[in-house]
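Engineer: This structure is in structure tokens; I'll ask about it shortly.
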Amino acid sequence: MLLLEKGNLKQKSKDVHLGLTCSEPIPSHIAIIMDGNRRWAKQKGLPAVYGHWKGAEVIGEILAFASDLGVKVLTLYSFSTENWTRPQKEIDQLMKLIVFYLRKKKKSMIEESVKLETIGDLSRLPTFVQKELEQTKKETSLGSKIRLVLALNYGGRDDIKRAVEKIAEDLEEGKIVKKQISEELISSYLDTAPFGDPSLFIRTSGEQRLSNFLLWQMSYTEVYLTKILWPDFQKQDLLDAILEFQKRERRLGGT
């Protein structure tokens, strides 16, 4: 069994017996659909924005815990290509929340060696959001403990479409030839190329679909579904998902 200290979870005086086995790996890359913010707010008779704010607060705690456990990449589905269909007021609030979160957490991200990354087509985001993202990326560029990847204006199909466009351009320009096209080459053109495919995918709130998230990348990813709404998701819930991951026998095509 593995004994870990909680470190920057502000409980340095206590060790926690996590039940994780040394013989089984911690997933190096975890992807999460943080679902249930609006439902959480509705259950409490609050506007949707309160659910998003509460959900944003959870990110910091889960990120710190994942980092302490040894997770190297945490990819969060923060705003999808389909989210543009939401009411404009809610979209505006989400954009402001992204900036507020980055400004509030930037210092702790630097202190805890978190490197901010993004996937998705950022060009459609408001200019003030793009600028804040670029500034935060620059200031956290030396982070080496864990990468926080925010999927913004991201869709799995759009990711593949943009990759195909880039491959077509490089074919036309003679940078690559047709016989070079392989699964590995296609993966290298996707937004996630620097991070690799997720080992574990978590979706909260009880939904049981991928919702256009990392469609290519999750071909062999272990899936963990929970009915817990994201604003109620806690460290123990992440631990439960990882423990389940460790119990599974990953055969990758075997019988």
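Engineer: Of all DSSP beta bridges in the chain, what percent run antiparallel (nearest 5)?
Structural biologist: 10
Engineer: For a Förster distance of 22 Å, can you work out the FRET efficiency between the beta-carbons of Gln236 and Gln208, rounded to the nearest 0.05?
Structural biologist: Details: r = 22 Å, r/R0 = 1.00.
Efficiency at R0 = 22 Å is approximately 0.50.
Engineer: Any idea what the dipole of the chain comes to, in debye rounded to 20, about its Cα centre with Lys/Arg Cβ at +1 and Asp/Glu Cβ at -1?
Structural biologist: In total the dipole reaches around 740 debye.
Engineer: Among Lys105/Lys247; Lys107/Lys161; Lys107/Lys247; Lys137/Lys227; Lys42/Lys96; Lys42/Lys131, which pairs are too far apart, with a Cα-Cα distance over 25 Å?
Structural biologist: From Lys105/Lys247; Lys107/Lys161; Lys107/Lys247; Lys137/Lys227; Lys42/Lys96; Lys42/Lys131, over 25 Å: Lys105/Lys247; Lys107/Lys161; Lys107/Lys247; Lys137/Lys227; Lys42/Lys131.
Engineer: Please work out whether the stretch 125-255 counts as rounded, prolate or oblate from its C-alpha gyration tensor, where a ≥ b ≥ c are the square roots of the eigenvalues and a/c under 1.5 means rounded, while otherwise a/b larger than b/c means prolate and anything else oblate?
Structural biologist: oblate
Engineer: For a footprinting-style exposure proxy, rank Asp191, Asp237 by other Cβ within 10 Å, fewest first.
Structural biologist: On the way: Asp191 22, Asp237 17.
Final ranking by Cβ density, sparse to dense: Asp237, Asp191.
FYI, it's all coordinate maths here, none of it is from the lab. Because the structure is predicted, anything quoted here is derived from the model rather than measured. Cβ atoms come from the backbone with ideal geometry, glycine included; neighbour counts cover every protein chain shown.
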